[in-house]
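J.: Supplied in structure tokens, the structure appears directly below.
What follows draws every value from the coordinates through simple rules; no lab data is involved. Here the structure is a predicted model, which means the values were calculated and not measured. Ideal geometry is used to build each Cβ from the backbone, glycine not excepted, and the neighbour counts take in all protein chains shown.
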Amino acid sequence: MPIYNAPLKDMDFILNDVFNAEAFWQAHEKIAHLDMQTANAILEEMAKFSKGTLLDLNRSADEEGGAQFHQGEVKTPQGFKAAFQQYAEGGWIGLGAEEEWGGQNIPKMLTVLVDEMIFATNPSFMLYPLLTVGAGMALNNCASQQQKETYLPKMYTGEWSGTMCLTEPHAGTDLGIIKTKAEPNADGSYQITGTKIFITSGEHDLCENIIHLVLAKTPNAPAGSRGISMFIVPKFMVNEDGSLGERNSVAAGSIEHKMGIKGSSTCVMNFDAAKGFLVGQENEGLAAMFVMMNYERLSMGIQGLGASEFAYQNAAQYATDRLQGRSAIGVQSPEKPADSILVHGDVRRMLLNARANNEASRAFAVYVGQQLDTTKFAHDPASVQRANDRVALLTPIAKAYLTDTALDAVLDAQMCFGGHGYIREWGMEQCVRDLRIAQIYEGTNGVQAQDLIGRKTIKNQGALIADYIVEIRNFVQQLDDSLVIKTATLDACTQVEKITQFILEQAKNHPEFANGIAVDYLHAVGLMSFAYMFARIAQAAQAKPEEFYQHKLVLAQYYAEKCLPQLASHIAKIQAGTATLMQLPEAYFTAQA
């Protein structure tokens with residue numbers, strides 16, 4: 001059976017030693033109540049719940065076929081409802097929400113680590129409260145006071161849940177062409193008619209009501225994305241006293257049969273003149289929905305981190321126990337028929353790749369979380385603006401790079417098992433299946449790369465990436481010259497700086513250029529960012545003689561020597577241009593051999 005032990009010591013190291021979290025929290029009035037003792041207590045409680053409750057349910061839910069659909073209703077896997085009630089009663093849904101609505105106002109740089117443990121042990125389960133948190137965030141930012149009072153408290157207690165209904169059969173990335181209609185009623189409400197697909201948690205049995213946030217177009221809306229509005233469409237109408245009224249005319253038409261995350265209900269939702277209520281102003285729905293997208297996309301990166309940590313732990317244990325062959329430098333375990341496969345360099349390569357990914361990803365998630373916290377809690381306009389810029393630049397990295405590298409790490413971990421990694425009993429094949437979606441939903445990783453290179457780089461002539469590189473250099477130049485990661489990170493900054501200028505020049509006369517090299521650019525910036533994280537890790541660990549910290553220095557050197565050289569490959573592919581991408585005619589791709 002799969003194992004998992006929350007990496008609490010690593011989490012404490014990242015918060016306390018690398019980012020000095022307590023000082024950051026106490027410098028901001030609304031989170032000054034939080035200290036490391038409380039933070040560690042929160043992490044320890046989630047470690048118990050994730051290992052003791054969620055881990056076993058992850059396997060059993062997959063084995064029983066996941067969520068089940070029958071006549072418009074969805075039954076979640078056995079044990080999910082009890083676990084959800086326990087999760088809700090523990091206050092976990094509103095952990096990061098405003099206290100005004102029953103939340104605890106815990107900063108993002110801590111909640112990312114809570115989320116990591118849940119994603120590591122049961123990603124299907126995590127998607128139910130995650131969508132509620134996202135919907136709640138959109139309402140808190142854009143809804144009227146009355147709407148907030150009506151919906152938010154019960155969403156954060158887990159009595160009600162939330163969804164985000166964007167995608168339609170013909171409209172995924174291009175939401176400007178959605179067909180769902182919103183016809184105004186005399187009482188100020190709207191009739192919502194249309195079909196949405198791929199709706200996570202669209203129907204389930206975990207709570208008594210589901211609050212759908214639906215993107216739709218009013219009759220005279222402008223064309224394209226400028227004409228999108230957002231509406232609250234509850235499964236059950238809510239009476240003035242807060243009790244539930246009649247069933248609204250919204251229902252699940254079916255659920256998708258998926259490669260992974262089978263315990264999560266992914267629904268086709270039909271709105272048949274359902275009653276809806278406008279959130280904010282007409283034609284401002286996309287902006288309202290994207291208020292919380294930075295948080296959601298960071299969450300997908302954390303899904304990658306959780307899966308990679310889970311896979312690494314299981315692969316490391318298997319490699320320790322598996323006896324095959326002898327070390328190239330001589331017998332290491334003479335009392336046994338063979339040495340453990342940990343003596344083999346290639347096994348260590350795969351494990352260290354995964355471990356390096358986990359530690360850099362965790363640091364990066366906390367770093368981006370800290371930027372989000374600055375935008376939310378800081379009062380200094382300059383600090384808020386700089387943090388907003390950093391979040392804008394790094395959100396595509398957090399979503400796409402962390403999930404791309406996580407899948408690589410999970411596949412390496414699976415490979416450590418040999419044939420055992422391909423069969424169900426060891427849990428690796430489920431981990432691979434469950435993780436694949438993280439590269440796809442909340443905007444595919446290719447779309448994230450387009451966002452990074454287009455809106456976040458070319459549009460501002462590289463100003464955001466330039467400021468980020470200045471930050472990295474200013475930090476890294478303070479490090480001891482003996483650290484290999486120092487020189488490697490500074491070199492990475494120079495390479496990314498130069499290739500950014502090359503891209504800006506090419507884009508002036510070749511508008512199609514950026515599209516073809518966007519993924520390579522995202523990976524280049526991601527590699528530089530991970531080097532920056534290891535530089536921060538090394539700085540925090542260098543002066544401490546204990547083995548735990550010294551191992552961090554070895555891992556930082558490993559990253560510099562064995563992972564960061566990939567940057568040169570991405571740079572070379574960008575410099576090669578995109579001519580051959582578009583040279584062949586469209587007919588080539590469907591021509592028969």
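J.: Let me know the charge dipole size of region 1-151 about its Cα centre in debye, to the nearest 20, where only the beta-carbon of Lys, Arg (+1) and Asp, Glu (-1) is charged.
T.: That gives region 1-151 a dipole magnitude of about 300 debye.
J.: Which net charge results for the neighbourhood of ARG473, defined as the other residues with beta-carbon distances under 12 angstrom from its beta-carbon, given Lys and Arg at +1 and Asp and Glu at -1?
T.: -3
J.: Additional query: Please work out the C-alpha center-to-center distance from region 124-168 to region 193-236 and express it in whole Å.
T.: Taking the Cα centre of region 193-236 as reference, the centre of region 124-168 is 12 Å away.
J.: Another question, then. Tell me whether region 442-522 comes out rounded, prolate or oblate; compute the Cα gyration tensor, take square roots of the eigenvalues as a ≥ b ≥ c, and use a/c under 1.5 as the rounded threshold.
T.: Judged from the Cα gyration tensor, region 442-522 comes out prolate (a/c at least 1.5, a/b above b/c).
J.: Run the helix sum for the chain: -39,500 (n - 2.57) per DSSP H stretch of 4+ residues, divided by residue count, reported at 222 nm to the nearest 500 deg cm²/dmol.
T.: Using -39500 (n - 2.57) per qualifying helix, the result is -16500 deg cm²/dmol.
J.: Could you tell me the calculated FRET efficiency between HIS551 and GLN332, based on Cβ-Cβ distance and R0 = 25 angstrom, to the nearest 0.05?
T.: Once rounded, the FRET efficiency stands at 0.80.
J.: Give me the distance between the Cα centres of region 529-589 and region 468-495, rounded to whole Å.
T.: With region 529-589 and region 468-495 each reduced to a Cα centre, they are spaced 13 Å.
J.: What does the charge count around TYR558 come to, taking other residues whose C-beta lies under 13 Å from its C-beta (Lys +1, Arg +1, Asp -1, Glu -1)?
T.: That works out to +3.
J.: How many angstrom lie between the Cα centre of region 401-464 and the Cα centre of region 302-348?
T.: What the calculation gives is 24 Å, centre to centre.
J.: What value in Å³ per residue do you get for the convex hull of the alpha-carbon atoms in the chain?
T.: It comes to 183 Å³ per residue, whole-number rounded.
J.: Hey, which of these cross-link pairs are over 29 Å Cα-Cα: LYS9/LYS562; LYS181/LYS459; LYS148/LYS217?
T.: Beyond 29 Å between Cα atoms: LYS181/LYS459.
J.: Plugging the Kirkwood radius over Cα pairs into Stokes-Einstein for region 8-285, at a temperature of 4 °C and a viscosity of 1.567 mPa s, what D comes out in µm²/s?
T.: 66 µm²/s
J.: Tell me, what is the percent relative contact order of region 120-262, built from C-alpha pairs under 8 Å that lie six or more residues apart?
T.: So the answer I get is 21 percent.
J.: Counting pairs of alpha carbon atoms under 8 Å apart in space and at least six apart in sequence, what relative contact order in percent does region 48-140 give?
T.: Relative contact order comes out at 29 percent.
J.: Still on this model: Efficiency by 1/(1 + (r/R0)^6): what FRET value for GLU183 and GLU246, r their Cβ-Cβ distance, R0 = 30 Å, to the nearest 0.05?
T.: Approximately 0.95, to the nearest 0.05.
J.: Using each residue's phi in region 272-279, evaluate 6.51 cos²θ - 1.76 cosθ + 1.60 at θ = phi - 60° and report the 3J(HN,Hα) Karplus result to the nearest Hz, with x for Gly and Pro.
T.: 10, 6, 6, 7, x, 10, 4, 9
J.: Just check region 1-141 against the gyration tensor rule for me: Cα atoms, a ≥ b ≥ c as the square roots of the eigenvalues, rounded for a/c under 1.5, and otherwise prolate or oblate depending on whether a/b exceeds b/c.
T.: Since a/c reaches 1.5 but b/c is at least a/b, the shape of region 1-141 is classed as oblate.
J.: Sort ARG226, ARG297, ARG455 so the one with the fewest other Cβ atoms within 10 Å of its own Cβ comes first.
T.: Ranking ARG226, ARG297, ARG455 by Cβ neighbours within 10 Å, fewest first, gives ARG226, ARG455, ARG297.
J.: Taking the Cα centre of the chain as origin, work out the dipole magnitude from +1 charges on Lys and Arg Cβ and -1 charges on Asp and Glu Cβ, in debye rounded to 20.
T.: The dipole magnitude comes to about 1120 debye.
J.: To continue, here is another question. Between their Cα atoms, which of LYS108/LYS544; LYS399/LYS456; LYS196/LYS399; LYS196/LYS275; LYS154/LYS235 are more than 18 Å away from each other?
T.: Table pairs above 18 Å Cα-Cα are LYS108/LYS544; LYS196/LYS399.
J.: Now, a different point. Which of THR195, ASN209, PRO234 sits closest to the plus end of the dipole of the chain, meaning its Cα is farthest towards the positive end, when Lys and Arg get +1 and Asp and Glu get -1 on the C-beta?
T.: Of the candidates, THR195 comes out farthest on the positive side.
J.: Further question: Averaging sequence separations of C-alpha pairs under 8 Å and six or more residues apart, then dividing by the length of region 445-585, give the relative contact order as a whole percent.
T.: 31 percent
J.: What is region 230-324 by shape, rounded, prolate or oblate, if you read a ≥ b ≥ c off the alpha carbon gyration tensor as root eigenvalues and call it rounded for a/c under 1.5, prolate for a/b larger than b/c, and oblate otherwise?
T.: Prolate, because a/c is 1.5 or more and a/b exceeds b/c.
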